[in-house]
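Here is the structure we will look at.
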Amino acid sequence: MFSTLQPTPADPILQLAADFRADPRENKLDLGVGVYKDSSGLTVIPKAVKQAEAQLIEAQDTKSYVGLLGDTAFNDAMASLVLGEHPADRLSAIQTPGGSGALWILMSLIAKAKPGATVWVSTPTWGNHRAIAAGVGLSTRDYPYFNPATRAVEFDKMIADLKDAGPGDVVLLHGCCHNPTGANLTEDNWITLTEMALEQGFTPLVDIAYQGFGDGLAEDAANLRLMAAKVPEMMIAASCSKNFALYRDRVGCAMVLSSSAAEAKVVEANLKTLMRISISMPPDHGAALVRMILTDTALRSVWEDELTAMRSRMLALRQSLADALRERTNSDRFDFIAHHRGMFSLLGATPEQVDQLRDQHGIYLIRDSRVNVAGLKEDRITEVAEAMANVGL
Ligand code: LMR
């Protein structure tokens, strides 16, 4: 049976996390996997989550099945968090194990509705986007996104390529905090893309995994909301891994806006079937916590304050690293770090320089030179900037 299998390559992000764990050096620094760490290097459980968890353990009297859609009050709360005001009759939502679970079920739905559909992805994009599309039998096509010279979005090139996207095609966009570049589309860019979707008939799929990590909860969803208000069909994959720090509990939500209420019912039935044949039912615990936090005024306010603190700290770390690099390199070419948003920026280092940072300085970045600013520590910024200058950045 298994003799026909070929070895598969390890996911580079997860491999780097394993390499980091195995490194015995005490002063090592993990700027790889997208996990938020506080100034002592810990990924703490937010107080809001701890409080909700205590309440849940006290109140929960059964672990019986919830249902194929998961916790529907969680789905409603997520739809409001991401979409704000929305046409509920045209929306189908299903609770998923993390944002990847949402991407998997949405891409499976695309494959079911339009076998052989093409998913357009940005160059570069998060590695799992292409992998999940391939896993469900969809092909991907790249569109230009990031200009490594300017460290900004090259929107003219992006829309020139997307002119070829038509009905039956899916265009995958990052809702905010682009992974891995940190360079984001402007409101005007989103308006243009919305007009293109309307004219050309492609369907947007928006991955929003970092809501609240860029400029604020509503701010980070504003562009996606503009689009959702105009297009007849749209898919959204939302993750609660980062903004609720529920990484290992696997909490996400897949949402589909259909062109009519009747179609939304059929979409929902298909999402349920896909859930049933894959993992049968989504896990409850983490989603129950998110539902409690989003629907309870006191818990929500604790969570929003904690999210604000994480975001402010990331922005401050961005500014400090940009300042330190300005000083060390005697140039402004790293100012983009302060302008980017979210956890990541692409530094523009060569793979060899990334290896040198790891081998000589114990600093771990993804080999495409993605840096996770949320892995930095305030008291090591100077040292990191010096190491970067040292390897010739
Ligand atoms: C990342 O990009 O580092 C995170 O989204 C974690 C992951 O699963 O890759």
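The values are calculated or read from the model by the stated rules, or taken from the named source; none is laboratory data. These numbers were taken from a predicted model, which means no experiment stands behind them. So basically every Cβ, Gly included, is an ideal-geometry build from the backbone, and we count neighbours across all protein chains shown. To get the accessible areas, we keep the full protein, side chains included, count just its heavy atoms, and leave off ligands, DNA and RNA. Shrake-Rupley method; radii C 1.70, N 1.55, O 1.52, S 1.80 Å.
In percent, what relative contact order does region 1-127 have, based on Cα pairs under 8 Å that are 6 or more apart in sequence? Value for region 1-127: 12 percent.
Considering only Val153, His174, Thr192, and ranking their Cα positions along the charge dipole of region 98-205 that arises from unit charges at the beta-carbon of Lys, Arg, Asp and Glu, the one farthest toward the positive end is His174. Using 1/(1 + (r/R0)^6) with R0 = 25 angstrom and r between the beta carbons of Leu198 and Thr123, what's the FRET efficiency to the nearest 0.05? Efficiency for this residue pair is about 0.55.
The tail of the calculated P(r) for region 41-164 beyond 23 Å holds 56 percent of all Cα-Cα pairs. Given a Förster distance of 51 angstrom, what is the FRET efficiency for Ala88 paired with Lys163, based on the Cβ-Cβ distance and rounded to 0.05? The pair Ala88/Lys163 has a calculated efficiency of 0.90.
For the chain, the mean residue ellipticity at 222 nm estimated from helices alone is -14500 deg cm²/dmol, where every DSSP H run of n ≥ 4 contributes -39500 (n - 2.57) and the total is divided by all residues, rounded to the nearest 500. Looking at region 42-149, the chymotrypsin sites (Phe, Trp or Tyr not before Pro) that sit in a DSSP loop and have at most 14 other Cβ atoms within 10 Å of their own Cβ are Tyr65. For Trp120, the amide hydrogen comes within under 5 Å of the amide hydrogens of Arg141, Val170, Val171, Leu172, counting only partners 5 or more places away or on other chains and with H modelled in the peptide plane.
So with the 1.4 Å probe, I'd like the accessible area per residue for region 73-168, rounded to whole Å². Mind dumping the intermediate values first?
Numbers: 3810 Å² over 96 residues.
I get 40 Å² per residue for region 73-168.
The charge dipole of region 195-341, taken about its Cα centre with unit charges on the Cβ atoms of Lys, Arg (+1), Asp and Glu (-1) only, comes to about 380 debye.
Sequence gap at least 6, Cα distance under 8 Å: using those rules, report the relative contact order of region 226-318 to the nearest whole percent.
For region 226-318, the relative contact order is 22 percent.
In a reduced charge model with +1 at each Lys and Arg Cβ and -1 at each Asp and Glu Cβ, the chain shows a dipole moment near 700 debye about its Cα centre.
The GluC sites (Glu not before Pro) of region 3-78 that DSSP puts in a loop, and whose beta carbon has at most 16 other beta carbons within 10 Å, are Glu26.
A Cβ-based charge dipole, computed about the Cα centre of region 1-115 with Lys and Arg at +1 and Asp and Glu at -1, lands at about 300 debye.
Figure note: Asp188, Asp23, Asp11 ranked by solvent-accessible area, largest first, 1.4 Å probe, ligands and nucleic acids not counted: Asp188, Asp11, Asp23. The gain in end-to-end length when the Ser3 to Thr382 segment is fully stretched comes to 131.3 nm, 0.36 nm per residue minus the alpha carbon separation.
In region 1-95, what trypsin sites (Lys or Arg not before Pro) fall in a loop by DSSP, with at most 11 other Cβ atoms inside 10 Å? Here the trypsin sites (Lys or Arg not before Pro) that fit, given the DSSP loop and packing criteria, are Arg25, Lys63.
Classify region 234-393: rounded, prolate or oblate, from the alpha-carbon gyration tensor (a ≥ b ≥ c, eigenvalue square roots; a/c under 1.5 rounded; otherwise prolate if a/b is larger than b/c)? Prolate is the answer for region 234-393, as a/c is 1.5 or above and a/b outweighs b/c. Of the solvent-accessible surface of the chain, computed with a 1.4 Å probe over protein heavy atoms with every protein chain present, carbon and sulfur atoms account for 53 percent. The Cα trace of the chain gives Rg and Dmax of 21.0, 62 Å, the first to one decimal, the second as a whole number. The antiparallel fraction among DSSP beta bridges confined to the chain stands at about 45%. Rounded to whole numbers, the Karplus 3J(HN,Hα) couplings from phi for region 147-159 are 9, x, 6, 8, 6, 10, 6, 9, 5, 4, 5, 4, 6 Hz, using 6.51 cos²θ - 1.76 cosθ + 1.60 with θ = phi - 60°, and x at Gly and Pro. With N the number of residues in region 308-351, Rg(Cα) / (2.2 N^0.38 Å) evaluates to 1.17.
Based on Cα contacts under 8 Å between residues 6+ apart, the chain shows a relative contact order of 25 percent.
Rounded, prolate or oblate, given the Cα gyration tensor of region 243-296, with a/c below 1.5 counting as rounded? Verdict is oblate for region 243-296. Placing dummy labels 7 Å off each Cα toward the beta-carbon, the span from Ile45 to Arg300 is 2.4 nm. The slack in the chain from Ala261 to Asp355, taken as 0.36 nm per residue of separation less the alpha-carbon distance, amounts to 28.5 nm. Name the residue farthest towards the positive end of the dipole of region 273-313 from the options Leu274, Leu289, Ser301, assuming +1 on Cβ of Lys and Arg, -1 on Cβ of Asp and Glu, about the Cα centre. Projecting each Cα onto the dipole axis, the largest value belongs to Leu274.
Placing dummy labels 7 Å off each Cα toward the beta-carbon, the span from Ala229 to Met281 is 3.8 nm.
In a fully extended conformation the segment linking Ala389 and Asp23 would gain 129.5 nm over its present Cα-Cα distance, using 0.36 nm per residue.
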